[in-house]
Amino acid sequence: RSHEIIGYEALSRDPQGRLSILQLFKRYQAVGQLSELKRICFQSQLKVAGEVGLKRMFINIDFEVLSQLEMVPKPAGMEVILEISEVEALHDIKNHLKIAGKWREQGYQFAIDDFGAGFISLPFIAQLIPDYIKVDRSTILQAVSSEEFRRFLKDLVLALKNYCKEGIIAEGVETAKELGVVRGLGIYLVQGFLLGKPQELERTIL
């Protein structure tokens, strides 16, 4: 509601600009190196964010990589929110909560990403109590097109706020109409092309 930028999300891209990130990940998966690529991305993003002095950064990661990584010190003075895709929350909840606890002890925060994109992770959310829940763009678009669904989502958002420490974020907002609907849902943290498009930091990451 203050109209201020409160944080940034780190994105991975093909440095040659030839492949989408999904294509790049599939190539590394085919040769058994996907986890290594994700590890490099995570450590590089964390390092760069600390160097440029970001105060709050969201990083996409998965529990497989977190379980394999040696604990990476969080840059001083920066909030780091680890985004976990909702689909991951459907499996091995006990072990995932244990991994999350270790990283939280080092000062890291957690966000549930892609909420509403076709999976139900309510049991995991209730136990993890994430710092943020990021509502998927597909869910926002349903709320834009359907008044009935909009009422349902508004009630759901109200309930979720009791199991979310910092706030709920609407992802992928691209138009003023979508922003108006999001506000009507009671969501006041927003990301999307309407507010800004991805930009490359002016430095070499690796």
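The values are calculated or read from the model by the stated rules, or taken from the named source; none is laboratory data. Everything quoted here is computed from the prediction, not taken from an experiment. Cβ coordinates were reconstructed from backbone atoms using ideal geometry, including for glycine residues, and neighbour counts include every protein chain displayed. Only protein heavy atoms, including side chains, enter the accessible area calculation; ligands, DNA and RNA are left aside. Shrake-Rupley method; radii C 1.70, N 1.55, O 1.52, S 1.80 Å.
Annotations
- Identity of the residue in the stretch 1-21, at pLDDT 90 or above and more than 26 Å from Glu79 (Cα to Cα), that ends up farthest from the chain's Cα centre (by Cα): Arg18
- All positions within the stretch 172-184 that are open to solvent by 80 Å² or more (accessible area, probe 1.4 Å) and either within 21 Å of Asp131 (Cα to Cα) or in a helix (DSSP H, G or I) (or both): Lys177, Arg183
- Selection status of Val87, closer than 28 Å to Tyr188 by Cβ and modelled with pLDDT of 95 or more: no
- Exactly one residue among Glu83, Glu51, Glu79, Glu88 is open to solvent by less than 50 Å² (accessible area, probe 1.4 Å), in contact (Cβ under 8 Å) with a residue 40 or more places away in the chain and charged (D, E, K, R), and that residue is Glu83.
- Among residues of the stretch 96-107, those that are outside any loop (DSSP other than H, G, I, E, B) and open to solvent by 60 Å² or more (accessible area, probe 1.4 Å), counted: 4
- Taken together, the residues in the stretch 108-128 that are of a type outside the set (Phe, Trp, Tyr) and at pLDDT 95 or above amount to 2.
- Yes/no for Phe149 being aromatic (Phe, Trp, Tyr), in contact with a helix residue (DSSP H, G or I) (Cβ under 7 Å, 6 or more places away or on another chain) and open to solvent by 30 Å² or more (accessible area, probe 1.4 Å): yes
- Out of Ile112, Ile93, one residue alone is of a type in the set (A, V, I, L, M, F, W, C), touching a Phe, Trp or Tyr at 6+ places or on another chain (Cβ under 8 Å) and open to solvent by less than 40 Å² (accessible area, probe 1.4 Å). It is Ile112.
- Residue ID - surrounded by the most Cβ atoms within 10 Å (Cβ to Cβ), chosen from residues in the stretch 1-46 that are more than 23 Å from Gly192 (Cα to Cα) and in contact (Cβ under 8 Å) with a residue 24 or more places away in the chain: Lys38
- Residue among Ile169, Ile140, Ile125, Ile187 that alone is assigned to a strand (DSSP E or B), open to solvent by less than 50 Å² (accessible area, probe 1.4 Å), at negative phi and in contact (Cβ under 8 Å) with a residue 24 or more places away in the chain: Ile169
- Given (1) within 30 Å of Leu37 (Cβ to Cβ); (2) out of contact with any strand residue (DSSP E or B) (no Cβ under 8 Å at 6 or more places or on another chain), index of the condition Arg150 fails: (1)
- Hey, Gly118 closer than 29 Å to Thr175 by Cα and out of contact with any helix residue (DSSP H, G or I) (no Cβ under 6 Å at 6 or more places or on another chain) or not: yes
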